[in-house]
Amino acid sequence: MTSSVTKPSDLEARDTLHRLALREEVLEICYWFQGEGFGDRFTAASLETFLSSPRADIITVLESLAAEGALVREGAGYRFSDDGRKRAGHLFHETFADFQVGTHGECSAGCCDSEDEGDQKPSNSHARVRAKASG
C-alpha cells in the first residue's frame, strides 16, 4: 500500500527555508533601518540594498508580513505595527547580541584590576565577556 501523502522535494524545502529566513532578515533590516534613523517607512527599494534577494521576493515578504499584522501598509510603503516592532526587536537582539559586547577599549577608566600599574590583567567582567564571545 502506498501513502497518499507526498513528501516535499528538496527544492521545495530549500525554497520554504529561504522564505522563512528572508522574513526574519526583512524584519531585522527594518528594525535596524529605523534604529539608524533612516525613517520608519519601508519599501522594497529601500531594503533591497541591504538584502541579497530580488525585489519581487522582498515585496512578497513585505505583503505577507502586512497580512500577518507585523507591518502596516501606508501608501507605497510599510511601517511596523506595535507587535511587529517587538518581534523585529527580539529577532535583532537574538541575532546580534554577541556582536554588541563592549571591548576593553570601550570600558571606563579604572575598570580593570591593576590598570594604573601597567598590568593589563582584565577584571572578572572582561573575562566573562571574552568567555561568552568565544563561545
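The values are calculated or read from the model by the stated rules, or taken from the named source; none is laboratory data. The model shown is predicted, which means the values in this text are computed figures rather than measured ones. Heads up, the Cβs are rebuilt from the backbone with ideal geometry, glycines too, and the neighbour counts pull from every protein chain shown.
Here are the numbers for this structure:
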| quantity | calculated |
| --- | --- |
| Residue within segment 75-95 that is within 13 Å of C30 (Cβ to Cβ), outside any helix (DSSP H, G or I), modelled with pLDDT of 90 or more and within 16 Å of the chain's Cα centre (by Cα) present | yes |
| Hits in segment 39-85 (condition: aromatic (F, W, Y) and exposed (fewer than 12 other Cβ atoms within 10 Å of the Cβ)) | none |
| Residues within segment 53-78 that are without any contact (Cβ under 8 Å) to a residue 24 or more places away in the chain, aliphatic (A, V, I, L, M) and within 13 Å of L22 (Cα to Cα), tallied | 2 |
